[in-house]
Amino acid sequence: DGALYFDDKLVDGHEYQGPLSTTSSVLRGLTAFAAVTAENLNLPGDKMLGLAKFFLGICVPGDAKDFFNQIDSLACLESNRQGFSLGSFNVGVSTVLGSEVPSLTVKLVGAFSSGSKDASLVESQELNFDKTSGLHILNDLPKSIDVGSYTFVFEVVLHEPEHEEVYFMGSQTKVPISVTGLIKVENSEIAVLDSDLGSIESQKKLDLAGKNAISLSANHLQKLRLSFQLTTPHGRSFKPHQAFLKLRHESKVEHIFVVGNSGKQFEIVLNFLGLVEKFFYLSGKYDMELTIGDAAMENSLLVAIGHIELDLPEAPEKAPRPPPQPVDPYSRYGPKAEITHIFRAPEKRPPQELSLAFLGLTILPLLGFLIGLLRLGVNLKNFPTKPVPATFAVLFHVGIGAVLLLYVFFWVKLDLFQTLKLLGFLGVFLVFVGHRILSHLAAASAKLKSA
């Protein structure tokens with residue numbers, strides 16, 4: 001039926017809450033988060049309708065706690081924060097299920113600044129109803145409403161008395177509203193002052209809405225002053241949630257200072273003589289960055305002002321050291337430093353002629369062995385005459401010659417591992433053919449003895 005809800009999951013042995021309690025907790029948390037962050041809840045229409053179907057389809061729960069969760073969740077669905085820029089805004093009225101309502105009138109009976117108990121900033125007025133869109137429209141906000149957070153109080157009045165028996169309108173409805181706008185930043189300047197007389201050593205104008213490349217220099221006996229003004233579209237002073245000045249040393253050590261205000265004027269004065277220990281006696285270049293931010297400020301600033309060269313005294317022996325800077329966890333995935341190997345210079349080799357002469361002396365015993373065999377006379381009487389044994393005998397001698405040739409290649413070209421690999425294949429081959437020819441010779445010898 002399109003109903004939506006959140007179910008509980010049993011974790012670490014906690015008691016199972018059930019979908020009604022869990023869904024109510026989720027909606028209550030979303031509403032509280034929206035109230036803290038001054039943002040809209042922004043639940044899609046179909047999702048809000050599905051949640052409303054779930055709570056309305058439960059009928060009357062079995063205990064008082066579930067009944068409270070049901071009513072509280074429906075109230076959370078009804079109340080939704082709205083944010084408006086200066087100008088007109090629209091108010092829509094519908095039932096929990098999103099259906100149309102009968103003819104009625106919406107009145108703005110009061111508007112109060114958030115956190116203030118002062119009198120209402122507006123007089124009671126009726127919103128205009130647009131039949132085409134079905135919305136109640138307030139064309140212009142009163143001049144008393146400026147940039148900031150407010151609580152608007154609305155009252156809904158049915159035109160027909162008999163409708164009061166069908167629809168319950170409740171009492172006055174309080175809606176938190178955040179009015180946003182563009183804040184003017186004026187009279188921005190930064191200056192270096194003498195510590196004793198307070199006279200201006202150097203002063204420069206700032207354009208906080210544009211780019212700045214201010215370059216200043218100071219020593220530990222001087223001060224740095226930054227000042228600016230913030231005004232709303234109606235010309236009133238504006239106090240943002242955040243106003244910070246950040247100084248970042250070239251060694252990545254950062255210092256953050258809160259910019260105070262007195263009326264329209266925002267000003268901060270840094271006395272470097274009292275800050276040398278906080279700055280860890282680090283002289284050099286400091287980048288300056290100004291942060292001005294607020295939920296109602298549409299042009300919040302995070303602007304780099306420039307830099308200042310500080311000449312601080314030498315650090316004493318027991319002075320505090322700068323804290324170690326955090327290591328970027330993603331730096332290990334970056335390119336590594338190139339590794340340069342320094343290889344040992346090759347040893348000096350003997351002349352080529354001497355190497356060839358040594359090779360000739362190494363081969364002389366082999367030649368002597370062959371000549372000796374010829375001189376003594378080689379007996380080939382036992383060489384097999386049958387085709388198969390003769391083939392194995394030839395292959396055996398060819399294998400022996402291949403091993404001798406492999407030794408030659410080992411001295412000339414191959415390394416030890418290549419030689420051992422080839423020698424392994426030749427060894428298996430020689431074992432096979434040698435076993436066959438020796439078996440033949442043994443069988444022939446046995447026949448001669450028996451004859």
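The values are calculated or read from the model by the stated rules, or taken from the named source; none is laboratory data. Remember, it's a predicted structure, so these values are computed and weren't measured experimentally. As a convention, Cβ positions derive from the backbone with ideal geometry for all residues, glycine included, and neighbour counts pool all protein chains shown. These accessible areas exclude ligands, DNA and RNA; they are computed on the full protein's heavy atoms, side chains included. Shrake-Rupley method; radii C 1.70, N 1.55, O 1.52, S 1.80 Å.
Starting from residues that are without any contact (Cβ under 8 Å) to a residue 24 or more places away in the chain and aromatic (Phe, Trp, Tyr), keep the ones in region 395-451 and report whichever is most open to solvent (accessible area, probe 1.4 Å).
Ranking the qualifying residues of region 395-451, first place goes to PHE417.
Residues that are charged (D, E, K, R), open to solvent by 100 Å² or more (accessible area, probe 1.4 Å), modelled with pLDDT of 85 or more and part of a helix (DSSP H, G or I): does region 302-315 have at least one?
Looking for residues that are charged (D, E, K, R), open to solvent by 100 Å² or more (accessible area, probe 1.4 Å), modelled with pLDDT of 85 or more and part of a helix (DSSP H, G or I), one finds none in region 302-315, hence no.
Could you grab me the full set of residues in region 226-239 that are surrounded by fewer than 17 Cβ atoms within 10 Å (Cβ to Cβ) and of a type outside the set (Ser, Thr, Tyr)?
PRO233, HIS234, GLY235, ARG236, LYS239
Residues ALA209, ALA213: which one is assigned by the TED database to the domain that holds HIS241, open to solvent by 60 Å² or more (accessible area, probe 1.4 Å), within 30 Å of LYS239 (Cβ to Cβ) and at pLDDT 85 or above?
ALA213
Has region 15-38 got at least one residue that is at positive phi, at pLDDT 65 or above and open to solvent by less than 70 Å² (accessible area, probe 1.4 Å)?
Here is the first cut: in region 15-38, the residues at positive phi are 18, 38.
If we keep only those that are at pLDDT 65 or above too, we end up with 18.
Add one more test, that the residue is open to solvent by less than 70 Å² (accessible area, probe 1.4 Å), and what stays is 18.
Yes, because at least one residue in region 15-38 is at positive phi, at pLDDT 65 or above and open to solvent by less than 70 Å² (accessible area, probe 1.4 Å).
Looking only at residues in region 101-120 that are in a loop (DSSP other than H, G, I, E, B) and over 45 Å from the mean Cα position of the chain (by Cα), which one is nearest to VAL175 (Cα to Cα)?
The qualifying residue nearest to VAL175 (Cα to Cα) is SER120.
Can you give me the number of residues within region 54-69 that are over 17 Å from PHE6 (Cα atoms) and β-branched (Val, Ile, Thr)?
Number satisfying all stated conditions: 1.
Check off (1) open to solvent by 10 Å² or more (accessible area, probe 1.4 Å); (2) on the phi < 0 side of the Ramachandran plot for ILE177 and give me the number that stays unchecked.
(1)
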